[in-house]
There are 2 protein chains.
Amino acid sequence: MIPQHQSKGKPRTFDREAVLKKALGVFWKRGYEPASIAELCEAMEINPPSVYAAFGNKAQLFMEAVNHYENVYWNDAWERLEDEPDVRKAMAGFFRDAAVILTSQDAPCGCMVVLGAANVSKDSQDVNDALKALREEGKECFLVRLKRGVADGEFSEGTDVDTLASTLNTMFHGMSIQARDGVSHEELERVAAVAMTLIPPAPVPPKRHSA
Amino acid sequence: MIPQHQSKGKPRTFDREAVLKKALGVFWKRGYEPASIAELCEAMEINPPSVYAAFGNKAQLFMEAVNHYENVYWNDAWERLEDEPDVRKAMAGFFRDAAVILTSQDAPCGCMVVLGAANVSKDSQDVNDALKALREEGKECFLVRLKRGVADGEFSEGTDVDTLASTLNTMFHGMSIQARDGVSHEELERVAAVAMTLIPPAPVPPKRHSA
DNA sequence: CAATAAGTGTATCGATCGCTACAGTAGATT
DNA sequence: AATCTACTGTAGCGATCGATACACTTATTG
């Protein structure tokens, strides 16, 4: 992807992706602004000039960390949401995945996209705007999946999938805060399971044993 | 409540509660750490020494602002949750109230208890801990109300009200983030209405016209 | 081999952070 | 009126913020 050809100067002495992961850990736990360059550098085990040479500035480092975070932790979950043909199973699977991911760290962190830049000063608004765009992408994924469910006849005609997507998205965001407040994986899974009752039943029960 | 007796020195030249409200506005919009003393002072129209004389330090000012926020914006909603005898109507009412409160400001802010100290550095952890305690109080209120519903026979015996309280609390927290992301009051009310489907139906339909 | 170019560590930049010393002001007490 | 005491504005404290200047090192290139 990136041209490997060794250019002239001294090559860097650290693994770019490895230190990015270290930075991700700090950003995830602290959030964008409270994560100081000093703390990041200590975790990355490199000095400020190396950070700026490799990543540009703090905001760009953060956005790369977020991107890495999404790829590593969420891509599979979003894909499974698409691949599972039964919309209810798909959603239940996604929320079960979410319960796992959100409590996967040693320290309670929640979702980096949801909480990574919740409190920012005036001059870092654009960082939160970027995350907000990602949050809206998430909602859009829910909506697209639900609309497919409608097309597949899994919902009755008049179902308000827009509001349902918004509600599931709201639930998902709330789970981030629960995770950050230290709610256990087990409880978060129970919450996720209850959240599935938000999804209305199928229009016509397709083959039951009785009734 | 506070001893009115004018002590000896020069009396303060500002209204303590008025400037606290101004500070609340800044804290609500920005969060704890991004709200600088400079910005707070500008909004409060007083100078740093006056702030520290009247409120102690930034953390104490914040906690007073949070306390004021709860009293002004949420006390009534929590009281209505208790006063309404029908548990389902009570919850629906609370979430409708929440949708109003969360979108009541000019700028999208969300709930100050939920998002006011989401990102804090190492030495301000105690501020977030204090808010976390308030968040847990909220969940406890949900739980107590639901348990009363069980005692009142509004839920069937085996209903897992703990998980239900947790789920409603999660929904409530998620609504904060939606509000902060600029979701309209109308949409938030629709979300709140859908959220009510989380609550299982009454065990036996108590007097219907048919069926 | 020189010449060039890029990464690295040290040491620090100006700006801002929360907070306060200090002198001056103004109301209460005597 | 004299004194005491608390509030106010200015000005600046030490600490930390994100970001860099600079000298040094280490690789490629000619």
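The values are calculated or read from the model by the stated rules, or taken from the named source; none is laboratory data. Please read all numbers here as calculations on a predicted model, not as lab measurements. Every residue, glycine as well, gets a Cβ built from its backbone with ideal geometry; the counts of neighbours run over all protein chains shown. Each accessible area value is taken on the protein alone, full model and side chains, heavy atoms only, with ligands, DNA and RNA left out. Shrake-Rupley method; radii C 1.70, N 1.55, O 1.52, S 1.80 Å.
Just a few scattered comments:
- Number of the exception - A:Asp97 against (1) more than 12 Å from DNA strand C (Cβ to nearest atom); (2) in a helix (DSSP H, G or I); (3) open to solvent by 40 Å² or more (accessible area, probe 1.4 Å): (3)
- Checked against (1) exposed (fewer than 13 other Cβ atoms within 10 Å of the Cβ); (2) away from DNA strand D (no atom under 14 Å from the Cβ); (3) not in a helix (DSSP H, G or I), B:Val72 meets all criteria but (3).
- Unique residue being closer than 25 Å to A:Ala179 by Cβ and more than 15 Å from DNA strand C (Cβ to nearest atom) when the list is A:Ala23, A:Ala65: A:Ala65
- Residue in region A:188-199 that is part of a helix (DSSP H, G or I) and away from every other protein chain (no Cβ under 11 Å) present: no
- Residue check for B:Glu45: touching a residue at least 40 places away in the same chain (Cβ under 8 Å) and within 16 Å of DNA strand D (Cβ to nearest atom): no
- First in region B:58-71 and in contact (Cβ under 8 Å) with a residue 12 or more places away in the chain, second anywhere and open to solvent by 30 Å² or more (accessible area, probe 1.4 Å), Cβ under 8 Å, 6 or more apart: B:Lys58/B:Ile37; B:Ala59/B:Asp126; B:Met63/B:Ala130; B:Val66/B:Ala130; B:Val66/B:Leu134; B:His68/B:Glu17; B:His68/B:Lys21; B:Glu70/B:Leu134
- Restricting A:Leu81, A:Leu146, A:Leu131 to those that are touching a Gly at 6+ places or on another chain (Cβ under 8 Å), open to solvent by less than 10 Å² (accessible area, probe 1.4 Å), under 18 Å from B:Gln178 (Cβ atoms) and away from DNA strand D (no atom under 16 Å from the Cβ) reduces the list to A:Leu131.
- Boolean, A:Phe172 is modelled with pLDDT of 95 or more and either open to solvent by 10 Å² or more (accessible area, probe 1.4 Å) or closer than 29 Å to A:Lys58 by Cα (or both): yes
- Pair list, Cβ < 6 Å and 6+ apart or interchain, from region B:24-40 residues that are more than 8 Å from chain A (Cβ to nearest Cβ) to residues that are open to solvent by 20 Å² or more (accessible area, probe 1.4 Å) and assigned to a helix (DSSP H, G or I): B:Leu24/B:His68; B:Val26/B:Glu39; B:Val26/B:Ala43; B:Ile37/B:Pro48
- Neighbours by Cβ (under 6 Å, 6+ apart or cross-chain): first from region A:118-132, at the interface with chain B (Cβ under 8 Å from one of its Cβ atoms) and farther than 13 Å from B:Gly31 by Cα; second at pLDDT 95 or above and in a loop (DSSP other than H, G, I, E, B): A:Lys132/B:Asp181
- Single unsatisfied condition, B:Ala53 versus (1) near DNA strand C (Cβ under 8 Å from one of its atoms); (2) over 28 Å from A:Ala118 (Cβ atoms): (1)
- Just one of the numbered conditions (1) away from chain B (no Cβ under 13 Å); (2) out of contact with any Phe, Trp or Tyr (no Cβ under 8 Å at 6 or more places or on another chain); (3) surrounded by fewer than 18 Cβ atoms within 10 Å (Cβ to Cβ) is not true of A:Thr103: (3).
- Whenever a residue of region B:6-17 is more than 14 Å from chain A (Cβ to nearest Cβ), its partners that are more than 6 Å from DNA strand D (Cβ to nearest atom) and open to solvent by less than 70 Å² (accessible area, probe 1.4 Å), lying with C-beta atoms within less than 8 angstrom and at least six residues away or across chains, give the pairs B:Arg12/B:Ala54; B:Phe14/B:Met44; B:Arg16/B:Ala54; B:Glu17/B:His68.
- Taking the criterion of being within 11 Å of DNA strand D (Cβ to nearest atom) and in a helix (DSSP H, G or I), the residues of region B:27-42 that qualify are B:Ile37, B:Ala38, B:Cys41.
- Residue in region A:36-55 that is on the phi > 0 side of the Ramachandran plot, modelled with pLDDT of 95 or more and open to solvent by 20 Å² or more (accessible area, probe 1.4 Å) present: yes
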